[in-house]
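Just below is one structure, and these are the notes that go with it.
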């Protein structure tokens with residue numbers, strides 16, 4: 001399995017690759033890896049870059065899960081979050097709405113590649 005979370009301590013960037021479909025086991029492994037890696041840094045000094053280019057329009061179930069993940073990112077305390085997506089206006093609107101619901105819209109920017 002590829003490493004989903006990379007920490008660049010020189011540039012103060014945490015890079016996360018977000019898959020379009022995730023099993024419960026993969027989600028648990030991600031959560032454990034995330035917790036371990038965040039314990040090694042001061043997240044308020046870091047930018048989170050989320051590669052969501054494999055993501056399509058969100059289903060209601062996936063949207064609810066992603067909202068919880070965004071709340072986890074908020075609780076971590078990143079100074080900025082950049083979400084990278086392929087051009088898709090519907091997905092961009094969905095992610096914007098979820099960031100508002102998770103109360104992180106002020107630190108999130110969604111970038112279409």
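The values are calculated or read from the model by the stated rules, or taken from the named source; none is laboratory data. Being a predicted model, the structure only gives us computed values, none of them experimental. As a convention, Cβ positions derive from the backbone with ideal geometry for all residues, glycine included, and neighbour counts pool all protein chains shown.
Tabulated data for the structure shown
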item	result
Selection status of residue 4, at pLDDT below 95, in contact with a helix residue (DSSP H, G or I) (Cβ under 7 Å, 6 or more places away or on another chain) and either within 26 Å of residue 90 (Cα to Cα) or surrounded by 14 or more Cβ atoms within 10 Å (Cβ to Cβ) (or both)	yes
Among residues of segment 16-42, those that are modelled with pLDDT under 80 and either touching a strand residue (DSSP E or B) at 6+ places or on another chain (Cβ under 7 Å) or under 14 Å from residue 72 (Cα atoms) (or both), counted	1
Among (1) farther than 19 Å from residue 84 by Cβ; (2) out of contact with any helix residue (DSSP H, G or I) (no Cβ under 8 Å at 6 or more places or on another chain), the one test that residue 17 misses	(1)
From 105, 64, 75, residue being touching a helix residue (DSSP H, G or I) at 6+ places or on another chain (Cβ under 6 Å) and free of Cβ contacts under 8 Å to residues at least 12 places away in the same chain	105
Within segment 89-113, considering residues that are touching a strand residue (DSSP E or B) at 6+ places or on another chain (Cβ under 8 Å) and assigned to a helix (DSSP H, G or I), the one nearest to residue 68 (Cα to Cα)	99
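Yes or no, residue by residue, for (1) in a helix (DSSP H, G or I); (2) more than 18 Å from residue 106 (Cβ to Cβ):
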position: 22; (1), (2): no, yes
position: 31; (1), (2): yes, yes
position: 36; (1), (2): yes, yes
position: 64; (1), (2): yes, yes
position: 71; (1), (2): yes, no
position: 75; (1), (2): yes, no
position: 82; (1), (2): no, no
